[in-house]
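K.L.:
Pasting a structure here, questions to come.
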Amino acid sequence: MAATALEKLATWRVRGTRASEQVVEQGIIVLEQGALKRMGDDAWAFLEQLALASLDIGRLDIADDCLEQLTEEFPGSPRVECLKGIRLEADDKPGEALNFYEAALREDDTNIALWKRQIAVLRGQGPQTIPRAVEELTRYLDTFYADVEAWIELADIYSELNLYALSLQALAHVLLLASQNPFYVLRFAETAYTAGDIPLALKTFLRVIDMDESGPSEGNATKRAWWGVKLTSSRLLSSSNASSDSQTLAPSAEHLKLLDELATERLAGSYSTTSADRQARGRDVVLAWLIGRKR
Amino acid sequence: MSSSAASLYLDPQIRDWVLFPITLVMILVGILRHYVTILLTSPPKKLSRAAIREQRALLRSQILRATSSNSPLPPSYYKSLSASLWHAFDSGTYLKDGPPKDSDAPTTPANPLTNPDQMEGMMDGMKKQLVMMVPQMVIMGFVAIKLPFPLTLGFKSMLQRGVETQDMDVRWVSSLSWYFLNFFGLNGVYRLILGNDNAADSSKDLANSSPFAAATQQQAGPQDYNKLFKAEKDNLELAEGLYSWAGKGVELRVLQKYGKVAR
């Protein structure tokens, strides 16, 4: 029993899966069977994983237990400091947690985990502290440029505040750092569309489709991109002024028409099924909308 | 005339006092080296926030330039990013001690002997070298073992180090050669005993064998970032010349891909 639990926990640890309830379930099995001593050095990584998972679902008792054992073994460790900070956050005392993080950062200002937790707490506290969160995050990214997750977080904050131009700038860095990921390009396109830069959005949606190398069976990002192409191309066809903040040129009217047709075909194709008894949900709505927009 | 395999009779004392001791001692010395290295190695130096920032500043422009010929960024974004990096490098914004003042005397390249951090790094390397020298014992030219399988004459020079005779069958291995075979072959045994990341691995030693290599690695440390940044400015300009947006002409490519427009 404990062996399979340990295996599952190890897989989740390696992949960074956030299956907190299951981790706690399996973790309790391991603890009850006293398998901790047998694990040797892996025991500490397991305790850290269990502590985080139990804090995630609110089992503070288990978390305290793990934390105690970890502090005993690794008194000055930065990783354990971070866990202590998260424990304070779980108590719903953001002020205390912030003080803790700031004190710890004064001692060691390069601890990435602590810095990111500080930014997360600042963001979580609401509109009052968001400017400070953004400031800290920008400073963090100035030092640790290659952190894609952090750039995405910044783009997310800006989007939430409706500052789409800044969000696009942050997403630009994401694209540079992870240029092969179609979902980030899709996000860039959708943010551009929301920002009102329709030609840029169209080009970027097309870029998602362009980068798809999976042959006849399209990737999921491509399927979403066809929606974007349909919306943007029909909009560009109907309105003659295509102002673009990024000075992107819209394709010619002929190409726009062809793109509109192509997108309609692909979307209708996605919702058509070959088997008679299974229909894609929302099929009728989609087809009606597609036909309705075709002028 | 090659002698037949049975004509050499080895004293069993050779087996007891040369063969087994060499193997046993090498295994033990390997384990000793592993633990001594662990004790001697000092933890990696902590860098301050500003130092990390300076070190990674070049990374930003390298990332930008890496994809410049088929860039995911539209022209306005690329150009503004390129320009801001260029100005930052020009004015030394990323330097950890702040932008250089013009009145400074030209900086002398940091002398590794006087820089204490560097010294530690070099000492560490040298200590590691010494530890490697521990098992270099003098080995007498005994004929140590007879291989159970025959080999061609080409192996004679490898297996009979120190006992150069023309007539002896290649199956007889000298103790010196046995030492070398052990030296290269015990990695597997070390991996079993010490786990994967052991410091007794001889394959890694050969890669860093010359003290020269260690010294040059250390000198890469306190580089003059200012000069590097200035050089990077030229690279940025070059990349901007090569720049092309991946989204250029994308509508035609997509239409062709799906057959709406003839290729």
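The values are calculated or read from the model by the stated rules, or taken from the named source; none is laboratory data. Just so you know, these numbers come straight off a predicted model, no measurement behind them. Positions of Cβ are backbone-derived with ideal geometry, glycine not excepted, and every protein chain shown enters the neighbour counts. SASA here: full protein model, heavy atoms, side chains in, ligands and nucleic acids out. Shrake-Rupley method; radii C 1.70, N 1.55, O 1.52, S 1.80 Å.
K.L.:
Which shape class applies to segment B:29-81: rounded if a/c is under 1.5, otherwise prolate when a/b exceeds b/c and oblate if not, where a ≥ b ≥ c are the square roots of the Cα gyration tensor eigenvalues?
P.N.:
On the way: a/c = 8.42, a/b = 2.77, b/c = 3.04.
Because a/c hits 1.5 or more and a/b fails to exceed b/c, segment B:29-81 counts as oblate.
K.L.:
Moving on to the next point. Quick check on segment A:1-100: take the gyration tensor over C-alpha atoms, sort the square-rooted eigenvalues as a ≥ b ≥ c, and tell me if it's rounded (a/c under 1.5), prolate or oblate.
P.N.:
Details: a/c = 2.03, a/b = 1.57, b/c = 1.29.
The shape class here is prolate.
K.L.:
If you scale each eigenvalue of the Cα gyration tensor by 5 and take the root, what three semi-axes come out for segment A:204-295, rounded to whole angstrom and sorted largest first? Working shown, then result.
P.N.:
Working: eigenvalues 133, 58, 19 Å².
Over the Cα atoms of segment A:204-295, the ellipsoid semi-axes are 26, 17, 10 Å.
K.L.:
Here is a further query. Could you give the alpha-carbon Rg of chain A over 2.2 N^0.38 Å, rounded to two decimals? Working shown, then result.
P.N.:
Numbers: Rg = 24.7 Å, N = 295, 2.2 N^0.38 = 19.1 Å.
For chain A, the normalised Cα radius of gyration is 1.29.
K.L.:
How would you classify segment A:158-264 from its alpha-carbon gyration tensor, with a ≥ b ≥ c the square roots of the eigenvalues: rounded for a/c under 1.5, else prolate if a/b is greater than b/c, otherwise oblate? Could the numbers behind the result be given before it?
P.N.:
Values: a/c = 2.01, a/b = 1.07, b/c = 1.87.
Here segment A:158-264 falls in the oblate category.
K.L.:
Related question: To the nearest 10 degrees, how steeply does helix A:2-15 sit against the main Cα axis of chain A, on a 0 to 90 scale?
P.N.:
For helix A:2-15, the angle is close to 50 degrees.
K.L.:
Apply 1/(1 + (r/R0)^6) to the Cβ-Cβ distance of B:Asp11 and A:Glu7, taking R0 = 60 Å, and write down the FRET efficiency to the nearest 0.05. Display every interim value, and only then the final one.
P.N.:
Working: r = 54 Å, r/R0 = 0.90.
Result of the calculation: an efficiency of 0.65.
K.L.:
Return the carbon/sulfur percentage of the accessible area of segment A:198-295, one whole number, probe 1.4 Å, all protein chains in place. Mind showing how you got there, number by number?
P.N.:
On the way: 2750 of 5490 Å².
Carbon and sulfur atoms account for 50 percent of the accessible area of segment A:198-295.
K.L.:
Give a residue-ordered list of calculated ³J(HN,Hα) values for segment A:131-139 (Karplus: 6.51 cos²θ - 1.76 cosθ + 1.60, θ = phi - 60°; whole Hz; x for Gly, Pro).
P.N.:
Karplus-based 3J(HN,Hα) across segment A:131-139 equals x, 5, 4, 4, 4, 4, 5, 5, 5 Hz.
K.L.:
In whole angstrom, note down how far apart the Cα centers of segment A:125-169 and segment A:221-266 are.
P.N.:
30 Å
K.L.:
Next up: To the nearest whole number, what is the average tally of beta carbon atoms from other chains within 10 Å of the beta carbons of peptide B:66-72? Show your work: numbers first, answer last.
P.N.:
Numbers: counts 2, 4, 1, 0, 1, 3, 15.
Mean partner shielding for this stretch: 4.
K.L.:
Got a sec? Which residues of segment A:203-242 lose 40 Å² or more of accessible surface with every protein chain in place, vs. that chain alone, 1.4 Å probe?
P.N.:
By number: A:Lys203, A:Leu206, A:Arg207, A:Asp210.
K.L.:
Which of the residue pairs A:Lys37/A:Lys93; A:Lys84/B:Lys230; A:Lys116/B:Lys45 have a Cα-Cα distance greater than 32 Å in the structure shown?
P.N.:
Values: A:Lys37/A:Lys93 34 Å; A:Lys84/B:Lys230 44 Å; A:Lys116/B:Lys45 22 Å.
The pairs that break the limit, which is 32 Å between Cα atoms, are A:Lys37/A:Lys93; A:Lys84/B:Lys230.
K.L.:
Determine the shielding of peptide A:143-153 by partner chains: average, over its residues, the number of Cβ atoms on other chains within 10 angstrom of each Cβ.
P.N.:
Numbers: counts 10, 5, 6, 4, 0, 0, 0, 0, 0, 0, 0.
Partner-chain Cβ atoms within 10 Å, mean over residues of A:143-153: 2.
K.L.:
Report, to the nearest 10°, how far helix A:283-293 tilts away from the longest principal axis of the Cα atoms in chain A, using its own Cα long axis and a range of 0 to 90°.
P.N.:
For helix A:283-293, the angle is close to 50 degrees.
K.L.:
For chain A, find the longest principal axis of its Cα atoms and tell me its angle to the long axis of helix A:20-32, 0 to 90°, nearest 10.
P.N.:
It is inclined by approximately 20 degrees.
K.L.:
Roughly how large is the B-A contact in terms of buried accessible area, totalled over both chains, probe 1.4 Å, nearest 100 Å²? Before the final figure, lay out each step's value.
P.N.:
Details: alone 17890 and 16910 Å², together 31440 Å².
Summing both chains' loss of accessible area gives about 3400 Å².
K.L.:
I'd like the distance between the alpha-carbon centres of segment A:180-220 and segment A:2-58, rounded to an integer number of Å.
P.N.:
39 Å
K.L.:
Moving on to the next point. What accessible area per residue, rounded to a whole number of Å², is obtained for segment A:211-286 using a probe radius of 1.4 Å? Write down the numbers at each step before the final one.
P.N.:
Working: 4580 Å² over 76 residues.
Ligands and nucleic acids excluded, the figure is 60 Å² per residue.
K.L.:
Rounded to the nearest whole Å², what accessible area per residue is found for segment A:1-138 with the 1.4 Å probe?
P.N.:
Values: 7540 Å² over 138 residues.
Counting only protein heavy atoms, the per-residue value for segment A:1-138 is 55 Å².
K.L.:
To continue, here is another question. What is the magnitude of the charge dipole of segment A:2-62 about its Cα centre, with +1 placed on the Cβ of each Lys and Arg, -1 on the Cβ of each Asp and Glu, and no other charges, expressed in debye to the nearest 20?
P.N.:
Details: 7 positive and 9 negative charges, 28 e Å.
It comes to approximately 140 debye.
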